[in-house]
Amino acid sequence: MNWESLKAQPETVREKVKEVSVDMWSGFTAVIKELFPNAQIIYDRFYVMAIINDEFNKLRKLMGVHEKGLPHLLCKNKEDLKDEQKQQLEVILKEHPCLGIAWEMKKEIRQTYQSCRTFRGAERKLEKRNII
């Protein structure tokens, strides 16, 4: 990203920016706050979901759940699973309720990204579901 070209924009223009979408690298966040003081920072959904999947996998390992093929299965979206995989997932999530709760939260966050057009709408939906 060419920060200099952004800095070259008049401050009055930069102050009008309402939203900026970036990944979660702290360097981006700091620069965006400096250059666009009135902008809401929106973190890229694919990056957020990758982090959620990584944390979910850490939880699975911490719980000692090591069934073959499970990491791949848990990272996939339910609608992308074959019937046999869906059944396997249901069994695992019933056997490990904490993992089931985390999986449901991951699913809710993903669905929120897909269904909400604004940050505020997504925030309200996640608050209503007690996810944030």
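Assorted remarks:
- Among the candidates LEU89, LEU62, the residue that is in the same structural domain as GLU123 (by TED's automatic domain parsing) and touching a helix residue (DSSP H, G or I) at 6+ places or on another chain (Cβ under 9 Å) is uniquely LEU89.
- ILE132 vs. criteria β-branched (Val, Ile, Thr) and in a loop (DSSP other than H, G, I, E, B): yes
- For segment 89-118, the candidate set comprises residues that are closer than 27 Å to LYS68 by Cβ and of a type in the set (Gly, Ala, Ser); within that set, the residue that is surrounded by the most Cβ atoms within 10 Å (Cβ to Cβ) is ALA102.
- Close pairs (9 angstrom Cβ cut-off, 6 or more residues apart or separate chains): over 18 Å from GLN9 (Cβ atoms) and without any contact (Cβ under 8 Å) to a residue 12 or more places away in the chain in segment 23-46, charged (D, E, K, R) and loosely packed, with under 15 Cβ neighbours inside 10 Å anywhere: PHE46/ASP23
- Test: residue in segment 47-63 that is within 25 Å of TRP25 (Cβ to Cβ), surrounded by fewer than 15 Cβ atoms within 10 Å (Cβ to Cβ), touching a Lys or Arg at 6+ places or on another chain (Cβ under 6 Å) and touching a residue at least 40 places away in the same chain (Cβ under 8 Å): no
- Considering (1) at pLDDT below 90; (2) more than 16 Å from the chain's Cα centre (by Cα); (3) surrounded by 15 or more Cβ atoms within 10 Å (Cβ to Cβ), the lone condition that ALA39 does not fulfil carries the number (1).
- Residues in segment 64-78 that are surrounded by 14 or more Cβ atoms within 10 Å (Cβ to Cβ) and in a helix (DSSP H, G or I): LEU70, PRO71, LEU73, LEU74, CYS75.
- Matching residues, segment 70-122, being among the charged types (D, E, K, R), modelled with pLDDT of 85 or more and within 29 Å of GLN40 (Cβ to Cβ): GLU104, LYS106, LYS107, GLU108, ARG110
The values are calculated or read from the model by the stated rules, or taken from the named source; none is laboratory data. Remember, it's a predicted structure, so these values are computed and weren't measured experimentally. Glycine also receives a Cβ, built like all others from the backbone with ideal geometry; neighbour counts cover every protein chain displayed.
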